[in-house]
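Remarks on the structure that follows.
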Amino acid sequence: GNKTIATRYSAATDNGTDDRGVSSGGDGSTTGYDTMEYVTISSAGNATDFGNLTQARFQLAATSNSVNNRGVVAGGTKDGTIYNIIDYFTINTTGNATDFGDLTLARKEMPGLSNGTGERGVFGCGNPAGTARKRMDYITINSTGNATDFGDLTLARKELSALSNGTGERGVFGCGNPAG
């Protein structure tokens with residue numbers, strides 16, 4: 001199917017076995033969007049409007065915990081401003097995102113991951129203003145509040161990827177661009 005708006009640099013997450021994926025934000029060409037849309041992962045079809053982020057932005061990160069259907073979107077940029085915003089939403093219902101708290105540092109071009117059935121979400125590295133960083137932040141997904149410093153990755157990077165093993169405690173950050 002098709003998205004409701006053609007975008008790049010959006011962030012997506014899902015609620016695991018409940019079969020819903022949500023894509024948030026993105027950049028059309030010169031405009032950042034606050035659009036959120038969802039799909040039913042097991043069936044073909046177009047995306048449907050979900051709601052709106054608290055701030056239009058792109059190059060943001062997303063993660064979720066499947067147990068309580070909470071999606072979290074963090075960071076991003078628009079019009080030269082880099083954000084430390086963290087939003088949250090309930091994946092299995094539609095509606096606008098709500099303010100969750102703030103990252104320890106405003107960043108874009110970073111990934112997010114979680115331990116799936118647990119409460120920990122981690123956002124790593126990213127680009128606060130032209131310089132790649134090593135910093136990782138963590139949040140407790142089911143409670144709102146600001147992120148906390150989790151430590152550093154071995155190399156400062158932006159534009160990297162991340163994944164986790166869902167029910168375990170292992171997250172992996174890979175590749176990325178170490179250049180400023």
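The values are calculated or read from the model by the stated rules, or taken from the named source; none is laboratory data. Values in this document were obtained by computation on a predicted structure and should not be read as measured data. Methodologically, a virtual Cβ is constructed for each residue, glycine included, from the backbone with ideal geometry; neighbour enumeration extends over all protein chains shown. Surface accessibility is based on the protein's heavy atoms, side chains included, excluding ligands, DNA and RNA. Shrake-Rupley method; radii C 1.70, N 1.55, O 1.52, S 1.80 Å.
A few remarks follow.
- Checking each residue in the range 15-28 for being part of a strand (DSSP E or B) and either open to solvent by 20 Å² or more (accessible area, probe 1.4 Å) or in contact (Cβ under 8 Å) with a residue 24 or more places away in the chain (or both) picks out ARG20, VAL22, SER23, SER24, ASP27.
- Criterion: out of contact with any Asp or Glu (no Cβ under 7 Å at 6 or more places or on another chain), open to solvent by 10 Å² or more (accessible area, probe 1.4 Å) and at pLDDT below 95 - qualifying residue of THR31, THR35, THR7: THR31
- Among residues of the range 100-120 that are free of Cβ contacts under 8 Å to residues at least 24 places away in the same chain, those with a Cβ under 9 angstrom from a residue that is buried (at least 24 other Cβ atoms within 10 Å of the Cβ) and not in a loop (DSSP other than H, G, I, E, B), sequence gap 6+ or separate chain, pair up as ARG120/ASN65; ARG120/SER114; ARG120/ILE139.
- Among the criteria (1) aliphatic (A, V, I, L, M); (2) open to solvent by 60 Å² or more (accessible area, probe 1.4 Å); (3) touching an Asp or Glu at 6+ places or on another chain (Cβ under 8 Å), the one ALA12 does not fulfil is (3).
- In the range 144-180, of all residues being of a type in the set (Gly, Ala, Ser) and assigned to a loop (DSSP other than H, G, I, E, B), the one that is nearest to the chain's Cα centre (by Cα) corresponds to ALA147.
- Scanning the range 47-69 for residues that are surrounded by fewer than 23 Cβ atoms within 10 Å (Cβ to Cβ) and over 12 Å from SER10 (Cα atoms) yields ALA47, THR48, ASP49, GLY51, ASN52, THR54, GLN55, SER66, VAL67, ASN68, ASN69.
- Within the option set GLU109, GLU119, being more than 17 Å from ASN15 (Cα to Cα) and either of a type in the set (Asp, Glu) or more than 12 Å from the chain's Cα centre (by Cα) (or both) holds for one residue only, GLU109.
- Scanning the range 83-140 for residues that are part of a loop (DSSP other than H, G, I, E, B), open to solvent by 50 Å² or more (accessible area, probe 1.4 Å), under 23 Å from PRO178 (Cβ atoms) and at pLDDT 90 or above yields ASN84, THR104.
- Residue list for the range 141-180, filter: on the phi > 0 side of the Ramachandran plot and open to solvent by 80 Å² or more (accessible area, probe 1.4 Å): GLU159, CYS175
- The set of residues from the range 158-175 being out of contact with any Ser or Thr (no Cβ under 6 Å at 6 or more places or on another chain) and more than 24 Å from LEU105 (Cβ to Cβ) comprises ASN165, GLY166, GLY168, GLU169, ARG170.
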